[in-house]
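I have placed the structure first, in the form of structure tokens, so that the comments after it can refer back to it.
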Amino acid sequence: MEVAEGVHQLIIPMRFNPLGRTYSYLLTDSATLIDTGVPGKDAYAALEKQLAENGVKPMDLRKIILTHLHNDHVGLVEQIKHHSQAEVLAHSSALERLKEQALLYENMYEMTTSELEILGGGNLQQFLSRFEHSFREAPEPTPIDATLEDGETMRLSGTSIKVFWTPGHAQEHICLYDADRRMLFSGDHVLPKITSNISLHTYQQGDPLADYLASLKKVENLPVDLVLPGHERTFTNLPERVQQLKTHHKARCDEVKSALRTGDRTVYQVSSKISWESRPWPFMDFWTKRMAAAETYAHLVYLRNRGEVSEKMREKVLYYSLA
């Protein structure tokens, strides 16, 4: 679909994911692709077909800009690079992220096992042990040819695009702003309906929720008529949507604090009291609970850093209470 003159939204199918698709964006004048979609034959065939409908072959692509390194946004980079000389660009922090991933995967199963205990999910260890083999194969690093910096303006044929570094959903996440056409390529930073997953693991550093809320402010008041996200649908009400996201995270923090009113709780215990939008906690599978716990942990760390909750380790398990 042509969303603006020379800008085409490409639908890349995504199996085994409720979102169903990732959007890539083709800028025809500069032969630039923003994000690629998941890896796989079906995804590449869909990409190739839609490129052809716009008179472009993979070998014609000159640039691939990555909003972040999640697999549903970078999965086809290697395959495209096999057919073209396209230059792959990402935020400079993506290089550090790739190094971190390589180190983490050397002991990912052991760190996941340890995290399960630390967050209070030790009773699920037996289930996790069934999947030990799946942690042993590290993913191939995404090839990045050049890096981008916050505030940098890229001059492309037909337009200029300004880079906004928006960490939170991913440390290396960027949004791309086309001031001339008043468009924002928002990746997963701002989506029209669902909230981006803001999570933290015990083997990671930082405060991703604080980063995310600060990143929302960076784009909130941009003069934008059209937002082009990585999922769901295009939308126009950027300031209103940003306010909704802020309200959501405030409400989630309030829920977390409410769960602590009766005393010390582990991360998994707090997670079980949250009103998750996907499905109630008792009906979540192991992997969904792990994702929910990582999101709860991010909110607890945010509240801890603000002095609203206290954190202590007892018998290798983290416990939280109201400050």
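Assorted remarks:
- In plain terms, the residue of His201, His169 with the fewest other Cβ atoms within 10 Å comes first and the most crowded comes last, giving His201, His169.
- Ranking of Ile194, Ile118, Ile65 by count of other Cβ atoms within 10 Å, fewest first: Ile194, Ile118, Ile65
- Whole-percent P(r), region 96-140, all Cα pairs, 5 Å bins from 0: 5, 22, 27, 21, 15, 8, 2.
- Candidates Ala259, Ala52, Ala94: whichever shows maximal mean-square fluctuation once the chain is modelled as a Gaussian network with Cα springs under 10 Å: Ala52
- Within straight-line reach of Lys57, meaning a Cα separation under 20 Å, sit the following aspartates and glutamates at least 8 residues removed in sequence or on another chain: Glu2, Glu5, Asp29, Asp35, Asp42, Glu48, Glu78, Glu87.
- Remark: region 90-213 projects, on average over all directions, an area of 9.8 nm² (convex hull of Cα atoms).
- Among the listed pairs Lys218/Lys246; Lys63/Lys217; Lys63/Lys162; Lys250/Lys273; Lys218/Lys250; Lys41/Lys81, those beyond 21 Å (Cα-Cα): Lys63/Lys217
- Gyration tensor (alpha-carbon) shape descriptor, region 270-321, a/c threshold 1.5: prolate
- Along the chain, counting only GluC sites (Glu not before Pro) with a DSSP assignment other than H, G, I, E or B and at most 12 other Cβ atoms inside a 10 Å radius, the longest segment between sites is 150-276.
- Normalised by residue count, region 71-155 yields a Cα convex hull volume of 133 Å³ per residue.
- Cβ-based exposure ranking for Cys175, Cys253, in which fewest neighbours within 10 Å come first: Cys253, Cys175
- Principal axis dimensions, largest first and in whole angstrom, of region 1-63 by Cα: 34, 23, 18
- The smallest convex shape that holds all Cα atoms of the chain, its convex hull, gives 130 Å³ per residue.
- Compactness of region 166-285, taken as the C-alpha radius of gyration over 2.2 N^0.38 Å, stands at 1.18.
- Approximate spin-label separation Lys246-Thr195, in nm, with each point projected 7 Å along Cα-to-Cβ: 1.5 nm
- Amide H contacts of Gly187 (H built 1.01 Å from N, in plane; Pro and chain starts excluded): Gly230 sit under 5 Å, all sequence-distant by 5 or more or on other chains.
Every number here is computed from the coordinates shown, using simple stated rules; none is lab data. This is a predicted model, so every value here is computed, not measured. Here the Cβ is made from the backbone with ideal geometry for all residues, glycine too, and neighbour counts use every protein chain on show.
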